[in-house]
Amino acid sequence: MIGDRFCGLLGAASCMRALYERVVLAAGGRETALIVGESGTGKELVAQAIHRQSGDPADRFVAVNCAALPRALMESELFGHARGAFSGATERRIGLARAASGGTLFFDEITELDVEAQAKLLRLIQERAVRAVGENREVPVQVRIVASTNEDLAAALARGKLRRDLYYRLQRWVIRVPPLRDRLEDIPLLAGHFAARWHISCGAASAPELTVAALDRLALHNWPGNVRELENVVFQACATASGRRVGVEDLPLLGEPAADPAAAVPFGPVSLREAERGAIASAMAHTAGNKTMAARLLGISRKQLYVKLRLYGLTETGPTCP
């Protein structure tokens, strides 16, 4: 049975366990795969997990930052070039595709890749061969192609940012990485992991521990930056804490959806906690206790709403009696 740590991925939520199973299936062959998820969810870690689960050599995982790939040098970077093939080509280069032969070639944010480059990538997938710039013959390459995107696939196809024929080739395995707001129960596990990583990187005497109150506060945030944002928050909190325990006061300011100041402070100054509790109670009353509608009205997920209801002692329709 797969635990809460799997090939570099971390999480015990049901959506993460489903992700692990999907990775195992994708790693069973050398088919192409497309990893879909918001920024900061760990799409490259998923690609590395596919690579590791398949048993390929560690040095045969090659990542391509599509947004940073120079258009003029794209073909040379991917497929290599012969010496003297163009001005500045003073030595032969094998290219990233051949460097990854026997392993995985990962295209990070594939929709940032020029459409001309996407066409050449499609040929690599179809022919399993590359031809370096300035050479006449093709060289066979046995490589798994994995790509990722943080964009809505339908929108990317409609805008022409992703070639439809390439999408169909990558569609053999589509793996969706859940956002952090859909697995809030993993926050204590992730926060502890990042605190330990901070301890190692900074050479501290021991790893800090987050208090229950601090973890509860983290669970209230919407996490638009996902796991990457959580890591940054934990690192800042560990650096701020004066002792081994990290409390709410050590956490950096976490942004919340803006509220109408007039509605939030009707009779003078109130605390942020009181304002948030009032907004949640009002939303629950307005929707007659319908959590889905209330969460939508508040701009948060249902899981976050459940956490907030427990934190503020609210019933499904309003405040509890004192």
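Read the figures in this text as sums done on the coordinates, not as results from a lab. Everything numeric in this text was worked out from a predicted model, so none of it was measured. For neighbour counting, all protein chains shown are included, and Cβ atoms are generated from backbone atoms with ideal geometry for every residue, glycine included.
Distances between every pair of Cα atoms in the chain, grouped in 20 Å steps from 0 to the bin holding the largest one, split as 26, 47, 24, 3, 0 percent. In segment 128-198, what trypsin sites (Lys or Arg not before Pro) fall in a loop by DSSP, with at most 11 other Cβ atoms inside 10 Å? Of the trypsin sites (Lys or Arg not before Pro), the ones in loops of segment 128-198 whose Cβ has at most 11 other Cβ atoms within 10 Å are R137, R159. In whole angstrom, note down how far apart the Cα centers of segment 2-50 and segment 182-246 are. Taking the Cα centre of segment 182-246 as reference, the centre of segment 2-50 is 22 Å away.
Charges were assigned to the Cβ only: +1 to each Lys and Arg, -1 to each Asp and Glu. The resulting dipole of the chain about its Cα centre is roughly 780 debye. I need the shape label for segment 181-250. Rule: rounded when a/c is under 1.5, else prolate if a/b > b/c, else oblate, with a, b, c from the alpha carbon gyration tensor. Taking the square roots of the gyration eigenvalues as a ≥ b ≥ c, segment 181-250 is prolate. With a simple spin-label model that places each label point 7 Å from the Cα along the Cα-to-Cβ direction, the separation between A129 and R164 comes to 2.9 nm.
Ordering A99, M293, T211 by Cα displacement along the dipole of the chain toward the positive end leaves A99 in first place; charges were set at the Cβ atoms of Lys, Arg (+1) and Asp, Glu (-1). Computed 3J(HN,Hα) for segment 142-153, one whole-Hz value per residue from the Karplus formula 6.51 cos²θ - 1.76 cosθ + 1.60 where θ = phi - 60°, is 9, 9, 8, 9, 10, 10, 9, 7, 9, 9, 5, 4, glycine and proline marked x. If you count Lys pairs in the chain whose Cα atoms are under 23 Å apart, skipping same-chain pairs closer than 8 places in sequence, the total is 5. With an a/c value of 1.5 or above and a/b larger than b/c for the gyration tensor axes a ≥ b ≥ c computed over the alpha-carbon atoms, segment 113-167 is described as prolate.
Counted by Cβ distance under 11 Å from L34, the other residues give a net charge of +3, where Lys and Arg count +1 and Asp and Glu count -1.
Where does the chain land at 222 nm, in deg cm²/dmol rounded to the nearest 500, when only DSSP H runs of n ≥ 4 count, each adding -39500 (n - 2.57), divided by all residues?
-12500 deg cm²/dmol
A simple rule links phi to the HN-Hα coupling: the Karplus curve 6.51 cos²θ - 1.76 cosθ + 1.60 with θ = phi - 60°, which for segment 27-42 gives 6, x, x, 10, 6, 5, 9, 10, 9, 10, x, 5, 4, x, 7, x Hz, with x for Gly and Pro.
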